[in-house]
Amino acid sequence: MSKSASRPRLYTPRGSRMVAPRVDAEAVGQFTESIARFFGTGTYLLLQSILVLVWIALNVSAVSLRWDPYPFILLNLAFSTQAAYAAPLILLAQNRQENRDRVTVDEDRRRAEETKADTEYLARELAALRLAIGDVAKTGEYLRRELEDLRGLLEDRHPDRANRAPAPSSDGSDARAAKST
């Protein structure tokens with residue numbers, strides 16, 4: 001074994017010796033979203049307004065309870081702390097919503113592409129069926145004309161047989177079936 005293998009390399013960081021608690025990012029995200037949603041409700045605004053009014057009323061009227069005199073510096077500090085925590089919570093909730101929206105848009109785009117492909121396939125199939133139905137109609141008329149031409153040729157060659165052979169009817173049904181009834 002070489003000397004360098006036994007010594008630690010200075011450019012490789014050591015593992016942390018502190019044991020950090022493992023936090024579920026999804027659970028934290030859901031909790032912060034619930035707080036951010038609560039910040040945007042009328043209930044929160046009402047509770048905060050009542051708290052501020054009680055705070056001011058107690059600090060102005062109750063002389064013995066004055067823990068935050070008139071400029072209300074402690075109240076201002078509480079609002080600043082609340083704002084410092086609220087802004088990142090709201091940003092986190094917005095980022096999570098943006099990720100959900102992105103997934104939804106991607107899924108909608110995929111479904112739209114599938115629907116478009118299915119629609120194009122069905123349109124091609126419908127066009128093929130229309131062409132096939134048109135060919136069938138043309139083929140029936142073509143066969144009828146060809147049979148009449150053959151009958152005419154047979155009558156020309158063998159005039160005595162033409163009187164005995166039944167002629168096909170104009171609707172395409174077999175004349176022999178009509179004679180047997």
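Each reported figure results from applying straightforward, stated rules to the coordinates on display, with no laboratory input. Owing to the predicted nature of the structure, the values given are computational and were not obtained by experimental measurement. Cβ: placed from backbone, ideal geometry, glycine included. Neighbour counts: every protein chain shown.
Observations on the model:
- The stretch between residue 82 and residue 34 holds 15.7 nm of extra length on full extension. This uses 0.36 nm per residue minus the Cα-Cα distance.
- Prolate/oblate/rounded label for the range 1-102 (Cα gyration tensor, a/c 1.5): oblate
- The simple Förster model, with R0 at 35 Å and r as the Cβ-Cβ distance, assigns residue 49 and residue 19 a FRET efficiency of 0.20.
- Cβ-Cβ FRET estimate between residue 98 and residue 70, R0 fixed at 30 Å, reported to 0.05: 0.10
- Centroid-to-centroid separation of the range 81-144 and the range 1-80 [C-alpha atoms, Å]: 44 Å
- With the simple model of a label 7 Å out from the Cα in the direction of the Cβ, residue 122 to residue 106 spans 2.8 nm.
- For chymotrypsin sites (Phe, Trp or Tyr not before Pro), the sites in the range 56-144 that DSSP calls loop and that have at most 12 other Cβ atoms within 10 Å are 67.
- Relative contact order computed over the range 26-173 (Cα-Cα under 8 Å; 6+ residues apart), in percent: 21 percent
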